[in-house]
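Right, one structure below, let's go through it.
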Amino acid sequence: MDLFKKFKEYTRKVNEIEYSISSNKKEFIEIYERNLALEKEIVQRTQELDQANKAFLTLKHVWELMNSSEPLSTVLQKLVNSLHGEMGYINSTILQVCNDDKGKYYRIKAFSESPIFKKLVKFLEEKNQDIYEYHLKYDPKMLITRAIEEKSILFTSEYLDAINSLLYDFKPEQIEDINKLGVSKNIICIPLSPSNNPFGVMMVFSPRDEVTDKELNFLSLFANQVEMAITIANLFENLKKEAVTDSLTELYNRRYFNQALQKEAERAQRLHQPFSIISLDLDYLKKINDTYGHFFGDLAIRTIADILKKNARSIDVPARLGGEEFSILLPGVDSSGAMIAAERIRAAIEAQPLDTIGHITASVGVGTFPEHSIKLDELLDMTDQAMYKSKINGRNRVTLVKNTDLESEWHEVAFGAFMDILTKQKVPIPNKIAKEITSKLKSINTTETKDTLFSVADTLAQTYNSHYKRGITKAKVSIAIKLAKKMELSKEEIDRLKIAMMLYDIGKLLIPEEILNKKEPLTEDEKQKIKEHPLIAARKILQPIGGISDIIPIIESHHENWDGSGYPNNLSGDDIPLSSQIILLVDAYYALTQSRPYRVARTKDEAIEIIRLEAGKKWSEKLVEEFVGLLDESKHNG
């Protein structure tokens, strides 16, 4: 009996142990399973957190780009690279819907840097095509097109079908090569419509088996930020465009043209290459405005602008400098090529009929670096003078800059100098007078060129000398020429003298009017200011003008005395240019025979006597002798 009880007790304890073991095992398994589930959840949450962090960083990157002023192409490129690199996509790209005469097509605006991108670039290079100029097929049935039209995110796992439809002109083996570089499980298409204007689509190539709602929500949010970035980038682009373009014609403005010219000069000098400038001026704009109204004047200006755009290469810089003035920068083009381009433009303008106005024409000048000058300001001025020469010679023609000043007729050089002074505001001439003179110069014709120049010189002289009589400039030039011939100056020297006679006192435009017209004797300070006018004329007003470098020494020295007592450089004797001595003598004679606020006019005989007394002091005795002889001849003949 005891044995049975012991066995029973033993069995009970064994059962208890087995139960305990079984219970502990079950509990252990439950704990293990719970730990396993928790571990998986931790991994999943960690992945989600990592993905969320990447998404946050990506969106942060987008936000930073949105606040930059970089070009749209740069912004979009950085965005797709960010999406590709930070979110683990095989590739991401942005396609824009474009339109031409053949219809709609897609163009790549941005493509993340990846093996696929490099392969695509290589295949297109074999076809001599640029990836950003390549036309991808537009088809309403395509997934990306439907995404745009339906304004919703669409995706597909049919990767090859999507690629084949886009790259329709690629060979099957090329598509296969692209596919091998990264097997995509899904292509997701997200439409882009900044400011509700359909722009295109963002495509991402995902390596993941599934496209989750969280991923779609993120891509939708990302696309919204991209749309905002496009809007902001376009705004900056428009602001930049407005800053460098002319509002009427949408050509570049003067500021941009000058910047481009400076850069091109540096490039051309570094690479020892030429470039050319075409200067163009619409003929008779004032007449068009007066006859038909400013609407038609603007129409004529816009027509020329359109012709310049059509005839310009992508690297050319056509610009409207103001009013009826245009310029075109031709990088890498020599003078012969520029003349061909200029003639083509001139002919196109002449051939274009306009409503109400009829046909318009333009006067054109051409200058080339370094053939005509290596100094930009001088080259611009010389090109302008060539254009003005076209006007003087009848308009509607092209004129090439000549290599030296001597090759141009003296009146053409004088004309160009006057235009430069007036239009570039080098002197404080009242606007009304400046416009009046400029209009007179621009309406000049071949038969009246010289008389117009004399008239302009008279008008300018009257702005600083109210007692200056009209016709005096012509008389001065006439007697100066006769005296120069007596002194055996060459034709070239006489031509320079003619120009100098028109410009020698222009420095007085920068002398205070109250000093010039003062009735009382001048103070020493006032006399000193008066003495500065040759240097002002030579260095401040005329030196920046191209094509008159040989005239400047004559004007600078026109108050130097034979005995060295003159100014500004105290030159004496034969060190003084003979043309300068002639100007001083002729100017003194006419000054003596005209009234001044502080004295009456002298008679001719009185003036001659004063000049004789100064022989050997102010002027050479020979010059005085020849001059007096000329006056006697004139008196005897008259």
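At-a-glance table
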quantity: Unique match (being in contact with an Asp or Glu (Cβ under 7 Å, 6 or more places away or on another chain) and among the small types (Gly, Ala, Ser)) among Ser595, Ser620, Ser572; calculated: Ser572
quantity: Single match in Ser579, Ser557, Ser549 (criterion: farther than 26 Å from Gly471 by Cα and among the polar types (S, T, N, Q)); calculated: Ser549
quantity: Every residue from the stretch 206-256 that is assigned to a loop (DSSP other than H, G, I, E, B), out of contact with any Pro (no Cβ under 8 Å at 6 or more places or on another chain) and at negative phi; calculated: Pro207, Arg208, Asp209, Glu210, Val211, Thr212, Asp246, Ser247, Leu248, Thr249, Asn253
quantity: Identity of the residue in the stretch 221-236, more than 10 Å from Phe199 (Cβ to Cβ) and of a type outside the set (A, V, I, L, M, F, W, C), that ends up surrounded by the most Cβ atoms within 10 Å (Cβ to Cβ); calculated: Gln225
quantity: Filter result for Ala591 (assigned by TED's automatic domain parsing to the domain that holds Ile481, closer than 20 Å to Ala500 by Cβ and in a helix (DSSP H, G or I)); calculated: yes
quantity: When residues of the stretch 313-331 are limited to those that are modelled with pLDDT of 95 or more and among the small types (Gly, Ala, Ser), the one farthest from Glu371 (Cα to Cα); calculated: Ala319
quantity: Entirely in the stretch 335-423, the helices (runs of 4 or more DSSP H) that have 3 or more residues that are assigned by TED's automatic domain parsing to the domain that holds Phe257 and more than 13 Å from Leu280 (Cα to Cα); calculated: 335-351, 376-392
quantity: In the stretch 90-107, residue surrounded by the fewest Cβ atoms within 10 Å (Cβ to Cβ) [restricted to those that are among the hydrophobic types (A, V, I, L, M, F, W, C), within 21 Å of Pro194 (Cα to Cα) and in contact with a Gly (Cβ under 8 Å, 6 or more places away or on another chain)]; calculated: Val97
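Matching residues to (1) farther than 30 Å from Gln385 by Cβ; (2) surrounded by fewer than 19 Cβ atoms within 10 Å (Cβ to Cβ); (3) of a type outside the set (Ser, Thr, Tyr):
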position	(1), (2), (3)
Asp550	no, yes, yes
Pro553	no, yes, yes
Ser565	yes, yes, no
Ser580	no, no, no
Leu584	no, no, yes
Arg599	yes, yes, yes
Gly629	yes, yes, yes
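Matching residues to (1) hydrophobic (A, V, I, L, M, F, W, C); (2) modelled with pLDDT under 85; (3) crowded, with 20+ Cβ neighbours inside 10 Å:
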residue: Ala457; (1), (2), (3): yes, yes, yes
residue: Gln462; (1), (2), (3): no, yes, no
residue: Ser466; (1), (2), (3): no, yes, no
residue: Leu483; (1), (2), (3): yes, no, yes
residue: Arg496; (1), (2), (3): no, no, yes
residue: Ala500; (1), (2), (3): yes, no, yes
residue: Ile506; (1), (2), (3): yes, yes, yes
residue: Leu509; (1), (2), (3): yes, yes, yes
residue: Ile515; (1), (2), (3): yes, yes, no
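The values are calculated or read from the model by the stated rules, or taken from the named source; none is laboratory data. Owing to the predicted nature of the structure, the values given are computational and were not obtained by experimental measurement. In this analysis, Cβ positions are derived from the backbone assuming ideal geometry, glycine residues included, and neighbour counts consider all displayed protein chains.
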